[in-house]
Amino acid sequence: MDKLDKKAINVSKRLRGKIAIKPKMRIRSFDDFAVIYTPGIAAVSREIISDRSKASMYTYKWNTVAIVTDGTRVLGLGNIGPDAAMPVMEGKALLFKHLGGVDAVPITLGTTSIDNIVETVKAIAPSFGGINLEDIESPKSFAILERLQKELSIPVWHDDNQGTAAAALSALINALKIVNKDIKSIKLVMFGAGTANLSILRLLSKYGLGKSNAVVIDSKGVLHKGRADVEQLKSSNPQKYEIIGSTNRYNATSIEEAISGADAIIAASVSSQGTLKGEWIRKMNSDPVVFALANPQPEISKEEAQKAGVKIFATGRSDMPNQVNNSIVFPGVFRGVFDVQARYITDSMAIAAAEELAKYAEEKGLSTTNIVPRMDDYEAFYRVAAGVGVQAFNDGATENKASYEELYDLAKQFIEKSRH
C-alpha cells in the first residue's frame with residue numbers, strides 16, 4: 001500500500017464519508033418549523049399539484065443528480081459490488097458540487113439486472129433533475145442508457161460513455177495539434193472494447209475520425225471479420241458486432257499488426273501495468289500518442305511508454321500530467337444542462353464540452369505534458385457549462401435561450417458559491 005492509498009483510507013475513515021446534506025436555511029425560531037414543514041408546506045405541495053413543473057421551482061430537484069451504479073465495472077477494479085463502489089460514488093458527488101455547483105446523491109444498487117436497474121431509476125427519477133449512470137459493465141450499460149433516455153423526460157447521461165468520450169476527444173484534439181496530424185487520416189488503435197472505448201470511438205467518428213482507420217482490440221484480440229465469434233457477437237454484444245463491419249480497413253488480425261504504423265492508442269482496459277507492452281508501441285508511427293486510461297493503474301507506466309518512444313502520454317490519474325478523465329467533463333455538462341433546463345443530453349453537447357476544454361488548454365499553452373485542463377482549472381468548467389447550454393438550445397433540448405456570456409457568468413456564480 002503506497003502513501004496515496006493510505007491517505008485516502010485515513011481521510012475516509014476520519015470523516016466517515018466525504019459528503020453530507022446541508023440545510024440552505026437556518027431555523028431561527030419555533031415559527032420556522034411551520035414554514036418548512038406542516039402546516040405551511042402544504043401550500044407548496046398544492047402549487048405543485050396544480051402544475052408539476054413547479055417542483056423544479058420550489059424544491060432542490062432542479063439542481064440535483066442521482067449517481068447510479070450497480071458496481072459491476074468500477075474504475076479498473078471490475079465487478080466489486082455496490083458497497084465497495086460507494087467510496088467512488090461519494091467522491092464523484094463531491095466533484096459534482098465542488099466543480100459544478102451541482103448537488104449529487106450516490107445510489108448504489110443491489111441488483112445487476114437490466115430490467116431492475118431501469119425500473120428502479122424510473123421509480124426514483126421524480127426526486128432528481130438528472131441521472132448520471134456510472135460504472136456499469138458493458139454491453140448492458142448501453143441498453144440501460146438507451147432505455148432510460150427514451151423513457152425519462154430528464155437528462156440521462158452515462159459518464160463512462162459520453163463523459164470519458166468527451167475527455168478523450170478534447171485531449172486528442174490538442175495532442176494531434178502538437179504532433180501535427182489530422183484526425184481524419186490517423187490510424188487509431190482502441191485497446192479495450194468496453195463502454196468507455198466504444199463510446200470514445202463513436203464520438204471521435206462524429207467529430208471527424210475516419211472510422212475505418214480505427215482498429216479495436218478486446219480481451220480476445222483484434223476485432224476483425226474473420227473472428228470465430230462474429231455471429232455470436234451479433235446477439236451478445238451488438239455494439240462490438242457493428243464496429244467489426246466499419247473499422248479495421250487494414251484487415252489486422254493480431255495485436256502487432258493492429259499497432260504497427262498506428263499514430264495513436266487509446267487504452268481503456270485492464271488496470272495493470274504491462275497490459276500494453278513497450279515492444280508493441282515501438283511499432284507505431286513517428287511521434288506516437290498513447291492514452292493509458294485504466295484506473296487506478298494505467299495499462300503501461302509512463303517510464304515504459306517514454307522508453308518506447310511515446311511523444312505524448314496521458315492517463316486517467318490526477319497525480320500525473322495529462323489526466324484524461326471524465327472528471328473534467330461531467331460537472332460542467334450538468335451545470336450547463338441544469339442552467340437551461342435541458343430535457344436531454346446529445347453527443348453534440350458532449351463535443352461542445354470537448355471543444356471548450358481543448359480551447360481552454362490551448363490558450364494556457366500546449367505542451368507534451370499539458371493537453372487538457374486540470375480539475376483545479378476552474379474556468380474550464382464555466383466554459384463547458386456555457387458551451388453545453390448554448391448547444392442544448394441549438395439541439396432543441398430546451399426552449400431557454402441564453403448567450404454564451406450569460407451562461408458563463410451564471411455557471412461561475414454557482415460554482416464559486418459551492419466552493420465557499
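The values are calculated or read from the model by the stated rules, or taken from the named source; none is laboratory data. Just so you know, these numbers come straight off a predicted model, no measurement behind them. For neighbour counting, all protein chains shown are included, and Cβ atoms are generated from backbone atoms with ideal geometry for every residue, glycine included.
For residue 202, are the conditions met, namely being part of a loop (DSSP other than H, G, I, E, B) and either touching a strand residue (DSSP E or B) at 6+ places or on another chain (Cβ under 7 Å) or among the basic types (Lys, Arg) (or both)?
Spelling it out, it is not the case that residue 202 is part of a loop (DSSP other than H, G, I, E, B) and either touching a strand residue (DSSP E or B) at 6+ places or on another chain (Cβ under 7 Å) or among the basic types (Lys, Arg) (or both).
Restricting attention to segment 205-224, which residues are outside any helix (DSSP H, G or I) and either out of contact with any strand residue (DSSP E or B) (no Cβ under 7 Å at 6 or more places or on another chain) or within 26 Å of residue 363 (Cα to Cα) (or both)?
If we filter segment 205-224 for residues that are outside any helix (DSSP H, G or I), which is where we start, we get 208-210, 214-224.
Matches in segment 205-224: 208, 209, 210, 218, 219, 220, 221, 224.
Within the group 393, 414, which residue is modelled with pLDDT of 95 or more and among the aromatic types (Phe, Trp, Tyr)?
393
Suppose we keep only residues that are part of a loop (DSSP other than H, G, I, E, B) and of a type in the set (Val, Ile, Thr) within segment 322-340. Which one would you say is surrounded by the fewest Cβ atoms within 10 Å (Cβ to Cβ)?
Ranking the qualifying residues of segment 322-340, first place goes to 340.
Restricting the search to segment 109-153, which residues are surrounded by 15 or more Cβ atoms within 10 Å (Cβ to Cβ), within 18 Å of residue 337 (Cβ to Cβ) and touching a residue at least 24 places away in the same chain (Cβ under 8 Å)?
Within segment 109-153, 121, 125, 128, 129, 130, 131, 132, 133, 134, 148, 149, 152 qualify.
Count, please, the residues in segment 135-163 that happen to be in a helix (DSSP H, G or I) and within 15 Å of residue 326 (Cβ to Cβ).
Looking only at that region, the number is 7.
Results for (1) at pLDDT below 95; (2) surrounded by 13 or more Cβ atoms within 10 Å (Cβ to Cβ), shown as yes or no for each residue.
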{"residue": "29", "(1), (2)": "yes, no"}
{"residue": "39", "(1), (2)": "yes, no"}
{"residue": "44", "(1), (2)": "yes, yes"}
{"residue": "57", "(1), (2)": "yes, no"}
{"residue": "68", "(1), (2)": "no, yes"}
{"residue": "79", "(1), (2)": "yes, yes"}
{"residue": "97", "(1), (2)": "no, yes"}
{"residue": "101", "(1), (2)": "no, yes"}
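Residue under question is residue 183, and the condition is that it be aliphatic (A, V, I, L, M), within 21 Å of residue 325 (Cα to Cα) and either in contact with a strand residue (DSSP E or B) (Cβ under 7 Å, 6 or more places away or on another chain) or surrounded by fewer than 22 Cβ atoms within 10 Å (Cβ to Cβ) (or both); does it hold?
The answer is yes for residue 183.
Inside segment 299-321, can you point out the residues that are surrounded by 24 or more Cβ atoms within 10 Å (Cβ to Cβ) and either touching an Asp or Glu at 6+ places or on another chain (Cβ under 6 Å) or polar (S, T, N, Q) (or both)?
Hit for segment 299-321 is 315, nothing else.
Residue check: is residue 305 part of a strand (DSSP E or B) and not aromatic (Phe, Trp, Tyr)?
The answer is no for residue 305.
Can you name the condition, by its number, that residue 401 falls short on among (1) within 15 Å of the chain's Cα centre (by Cα); (2) within 26 Å of residue 154 (Cα to Cα); (3) not aliphatic (A, V, I, L, M)?
(1)
Among all residue pairs at least 6 apart or on different chains, which show Cβ distances below 8 Å where the first residue, located in segment 349-362, is in contact (Cβ under 8 Å) with a residue 60 or more places away in the chain and of a type in the set (Asp, Glu) and the second is part of a helix (DSSP H, G or I) and surrounded by fewer than 24 Cβ atoms within 10 Å (Cβ to Cβ)?
Matching pairs, first to second residue: 355/173; 362/174; 362/177.
Need pairs with beta-carbon distance below 6 Å; first residue on the phi > 0 side of the Ramachandran plot and touching a residue at least 24 places away in the same chain (Cβ under 8 Å) and within segment 206-227, second surrounded by fewer than 22 Cβ atoms within 10 Å (Cβ to Cβ) and part of a loop (DSSP other than H, G, I, E, B); sequence gap 6+ or separate chains.
208/183; 208/184
Restricting to segment 341-366, what's the tally of residues that are in contact with a Lys or Arg (Cβ under 9 Å, 6 or more places away or on another chain) and among the β-branched types (Val, Ile, Thr)?
1
Considering segment 269-284 alone, what residues qualify as being in a loop (DSSP other than H, G, I, E, B) and surrounded by 16 or more Cβ atoms within 10 Å (Cβ to Cβ)?
Result: 269, 270, 271, 273, 275, 276, 283, 284.
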